[in-house]
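The values are calculated or read from the model by the stated rules, or taken from the named source; none is laboratory data. Computed from a predicted structure; not experimentally measured. Every residue, glycine as well, gets a Cβ built from its backbone with ideal geometry; the counts of neighbours run over all protein chains shown. SASA here: full protein model, heavy atoms, side chains in, ligands and nucleic acids out. Shrake-Rupley method; radii C 1.70, N 1.55, O 1.52, S 1.80 Å.
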Amino acid sequence: MKPLINKNLITLKCVLFCFLSGIGCIYPFLPLHMLATGLDRAEARLISAVAPCIALLGPAILGPLVDKLSVGRGSTGGGHSPSGSGRLLRVVTALCLILSAVFYSLLLAVPYTERHDARRPQVLFMCDAEGAYVMQEVCTEGMRCNTWPGQKKGVLAVGTCEYGCASDDMSWLTEPFQTTTTTTTLSPMYNSVANATPPSEMVTDEGDEGPEFERNPPHLCTDGQCLVYMQHAARLRVPLTLSAPQPHNVTDIAADLSEDNTTNDNWCTYRGPFQCLVPEERLAEINTMDMPCRPAVRCQVLDPYDEPDGVLADAECRLVIGDPTYTFWTYFVLRVLADIWPTGALALLGAACVIATRETSLGRGDVGRQLAVGTLGLVIFPPLAGLAADNMPDTPYLVPFILHAVFMLIGALILLLDSHMPLSAPEWWWHTATGALAVPLSAVRRYGAETAAVAAVVALLGALCTTIDSYVPWTIMELNGTLTQVGLIMTEGALPAVPALWWAEALVDYIGHSNVFISAFTFYCLRYTGLAFSTSYGWVAVCAVLQVFTLSLVWVTAVLYFRHLVPKKYTTTGQALPVIAHFCIGRCIGAIVGGLVSLQAPLEAQRGVYRALGVAALAAAAIYLALYHLLLAPRCAAQPAPPPHNLLQGLNANGASNGTYSPMRVYHEERSRKGHFRY
């Protein structure tokens, strides 16, 4: 009876456990860490999309490199000396784990930056005999005025200009404006010399103040030229040249100025060259006031920050801590370098599972069981990392990053110390249960088109997966979730995967690889539909349980299928292909698609993306089902043919001396025989 646990594979299981534990401790928190560092969501989406493109360098280079360096040391065509490829595979994988720990830990050293949203302070305009004054609230972010070198030219749009008394405390500027309406259609302003005759009296609809106002409209004069504000005008664009601001204290500001304003605020005063003279009849009215004041004209400022060519167009209040540009590029470089190593390690560990489990001519190994034990790391540690983060609000992401580094270093240490890990070169372990060498089926299955087609399907599934995983932590936090719940999402997705992966090879053998992929597209439709209507964390958690069908079984199916598609001497390259397709190309596409949301309403926009992708996943399932079962399977399937009776003949010539038998392409059906089917 075959033992339940293969003692030779215990250390490999430990390495997979450490690797997936480290990934689980850091991966769900990376989107949140980018925002916590000070990056905005657009920058975080850019990094999430670009990093997978660079990450494919890991499996794309290391996979062929390990295969190349293994030639002549135990692989096909080699001698009988002990294989050196096992040590090479272990050392390279350990190096990837160490570099992953180093580069992700360096992300903690990225300088913090903070950018507050622009605030638009109140702007006031006054003009008297001494000049024009543009007054702006001092930014509360550091209590500073917006400054610029020299003088600044631009336009200030004003309206509702009126005469009045400017007291020392400037309280008049903050009082409500007295507005009147007219039916006149004359031009709102005209240029004249300083002693020009004012326009003639105009008829208005209201009271006696209108004609008097129109007989003496406010004049804003400079260099012998005047701008005249007419009462019926909605907007007067005043060209200004403002000098450096001077702080000016304002007391007794009206409480009803703005809900954002308080008393005793400070204001910045910008001086302009205009002068405003108050007519004598207005002076007589102003001089009746008891308080000391000076005659002036005040105008309501219209759209000070949005007016074309506005003199205050860039004067919004902004608080910036640190250097956002330096923070972005530092994080960007470190992140794209960090993502290379776990993807490379995943490809190498996949090859290690395929090699170490010693697949026989029965087409079975223990790949699924190795991955099942490793998946326990995803079950246990992500919520613990999130719990530690919630309890350390000052440095919430310190523990997840440290746990990642610790697990990666432990896995690397095991790989370097265990010289007996069964990772000998592939072609030498193609054995049957009785120890006789069987015909190496994979050696003759070199179907480039089929490999490309399966890689494309895996990439599409990877895009659907990453669209969720890259941004669902943001969704959870927007639903008032916690970091512990972000970690629990990993647990809820990985826990059902443990038993499924334990019997994965028999399950995939029974269902068929194409049916697994079709089911995955269907479950993605259900998962996206659930996320589109999620209003609480509970619904997100329920959708995460479906990950056993959308990721776990998909991944083990890809590993098993590429194990048969690619010749044994290219085992590492063969396992690099699904990593590149799913976790590099698919992640890039998914991050781009998932990032196509509005920055103003990200949660609702994300739900719209989920609804669209749910429809796309269902359409992909229907198309795949029709193409495979109605077109490809009937045309490509062949009747099963028995293998050669003389297995030793195949042994002597590496399976090529028979001359009359070639393993036939039989897609998995219930009539297929072991040794002939294709996962």
Search result, residues across region 94-132 that are in contact with a Gly (Cβ under 6 Å, 6 or more places away or on another chain), of a type in the set (A, V, I, L, M, F, W, C) and either open to solvent by 10 Å² or more (accessible area, probe 1.4 Å) or more than 30 Å from residue 171 (Cα to Cα) (or both): 96, 97
Only one of 199, 176 that is at pLDDT 75 or above and either assigned by the TED database to the domain that holds residue 306 or open to solvent by 20 Å² or more (accessible area, probe 1.4 Å) (or both): 176
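A quick yes/no check of all residues on (1) open to solvent by 20 Å² or more (accessible area, probe 1.4 Å); (2) part of a loop (DSSP other than H, G, I, E, B); (3) in contact (Cβ under 8 Å) with a residue 12 or more places away in the chain:
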position: 329; (1), (2), (3): yes, no, no
position: 333; (1), (2), (3): yes, no, no
position: 337; (1), (2), (3): yes, no, yes
position: 352; (1), (2), (3): no, no, yes
position: 375; (1), (2), (3): no, no, yes
position: 399; (1), (2), (3): yes, no, yes
position: 405; (1), (2), (3): no, no, yes
Count of region 597-627 residues which are farther than 18 Å from residue 534 by Cα and at pLDDT 85 or above: 12
Flag if residue 552 is of a type in the set (S, T, N, Q) and either crowded, with 21+ Cβ neighbours inside 10 Å or outside the structural domain of residue 619 (by the TED database) (or both): yes
Residue that is modelled with the lowest pLDDT [pool: residues in region 437-482 that are under 16 Å from residue 514 (Cα atoms) and surrounded by fewer than 19 Cβ atoms within 10 Å (Cβ to Cβ)]: 449
Test: residue in region 529-537 that is modelled with pLDDT of 90 or more, of a type outside the set (A, V, I, L, M), in a helix (DSSP H, G or I) and in contact with a Ser or Thr (Cβ under 8 Å, 6 or more places away or on another chain): no
Members of region 40-76 that are open to solvent by less than 50 Å² (accessible area, probe 1.4 Å), in contact with a helix residue (DSSP H, G or I) (Cβ under 6 Å, 6 or more places away or on another chain) and farther than 18 Å from residue 351 by Cβ: 43, 44, 47, 48, 49, 51, 52
Tabulated pairs, region 52-74, first more than 19 Å from residue 354 (Cβ to Cβ), second at pLDDT 90 or above and not aliphatic (A, V, I, L, M), C-beta under 6 angstrom, 6+ apart or interchain: 52/584; 52/587; 52/588; 53/588; 55/339; 55/343; 55/584; 56/584
Count - residues of region 311-327 that are modelled with pLDDT under 85, open to solvent by less than 50 Å² (accessible area, probe 1.4 Å) and not in a loop (DSSP other than H, G, I, E, B): 1
Those residues of region 113-134 which are among the β-branched types (Val, Ile, Thr) and not in a loop (DSSP other than H, G, I, E, B), in sequence order: 123, 134
Subset of region 527-545 that is of a type in the set (A, V, I, L, M) and touching a residue at least 24 places away in the same chain (Cβ under 8 Å) - its residue that is farthest from residue 354 (Cα to Cα): 532
Any chance residue 572 is open to solvent by 40 Å² or more (accessible area, probe 1.4 Å), hydroxyl-bearing (Ser, Thr, Tyr) and either assigned by the TED database to the domain that holds residue 88 or in a helix (DSSP H, G or I) (or both): no
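Residue-wise test of (1) assigned by the TED database to the domain that holds residue 616; (2) aliphatic (A, V, I, L, M); (3) under 30 Å from residue 90 (Cβ atoms).
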residue: 475; (1), (2), (3): yes, no, no
residue: 489; (1), (2), (3): yes, yes, no
residue: 565; (1), (2), (3): yes, yes, yes
residue: 568; (1), (2), (3): yes, no, yes
residue: 576; (1), (2), (3): yes, yes, yes
